[in-house]
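The values are calculated or read from the model by the stated rules, or taken from the named source; none is laboratory data. Everything numeric here is computed off the predicted structure, so don't read it as measured data. No Cβ is skipped: glycine too gets one built from the backbone with ideal geometry, and neighbour counts run over all protein chains shown. Surface areas here come from the heavy atoms of the whole protein model, side chains and all, with no ligands, DNA or RNA. Shrake-Rupley method; radii C 1.70, N 1.55, O 1.52, S 1.80 Å.
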Amino acid sequence: MRDTLPDARDGLTRIERVILHVLNETRRELGGRDVPTAMLYGRVLEYVNLSEAELQMHLTRLGAMGHPPGCSGSNR
């Protein structure tokens, strides 16, 4: 249950926090290049159990899909 409840500080769930951490670490390993979704999925599975569809849902919610490199995807 705690994996799906948003944190009061920033609204991220534990799963989203794990995805962002793994994405950041993997991008660093790849020299800043984009991370293939399949690679991200495999690495995220080391921390949490979720389906490919769930990963896609979280990536969409986080705005990690469809933005040009260097764009945060946020207007805040």
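Kindly indicate which of Val22, Val48 is modelled with pLDDT of 90 or more and in contact with a Lys or Arg (Cβ under 6 Å, 6 or more places away or on another chain). Give the steps one after another, and end with the answer.
Details: Val48 fails: in contact with a Lys or Arg (Cβ under 6 Å, 6 or more places away or on another chain).
Result: Val22 is the single residue among Val22, Val48 that is modelled with pLDDT of 90 or more and in contact with a Lys or Arg (Cβ under 6 Å, 6 or more places away or on another chain).
Of note, Tyr47 satisfies the criterion of being touching a helix residue (DSSP H, G or I) at 6+ places or on another chain (Cβ under 9 Å), open to solvent by 70 Å² or more (accessible area, probe 1.4 Å) and aromatic (Phe, Trp, Tyr).
Take the residues in the stretch 52-76 that are among the small types (Gly, Ala, Ser) and exposed (fewer than 10 other Cβ atoms within 10 Å of the Cβ), then tell me which one is modelled with the lowest pLDDT. Let's see the steps before the verdict.
Step one: filter the stretch 52-76 for residues among the small types (Gly, Ala, Ser), giving 53, 63-64, 66, 70, 72-74.
Among the residues that remain, those that are also exposed (fewer than 10 other Cβ atoms within 10 Å of the Cβ) are: 53, 66, 70, 72, 74.
Working: Ala53: 95, Gly66: 55, Gly70: 51, Ser72: 47, Ser74: 42.
Looking at residues that are among the small types (Gly, Ala, Ser) and exposed (fewer than 10 other Cβ atoms within 10 Å of the Cβ), I get Ser74.
Find all pairs meeting these conditions: Cβ atoms under 7 angstrom apart; at least six residues apart or on different chains; first residue within the stretch 32-51 and under 14 Å from Ala64 (Cβ atoms); second residue loosely packed, with under 10 Cβ neighbours inside 10 Å. From residues that are under 14 Å from Ala64 (Cβ atoms), the pairs are Asp34/Pro69. Contact map, the stretch 5-30: residues that are touching a residue at least 40 places away in the same chain (Cβ under 8 Å) and closer than 12 Å to Arg43 by Cα paired with residues that are among the β-branched types (Val, Ile, Thr) and in a helix (DSSP H, G or I), Cβ distance under 9 Å, separation 6+ or inter-chain. Pairs shown: Ile19/Val44; Leu23/Val44.
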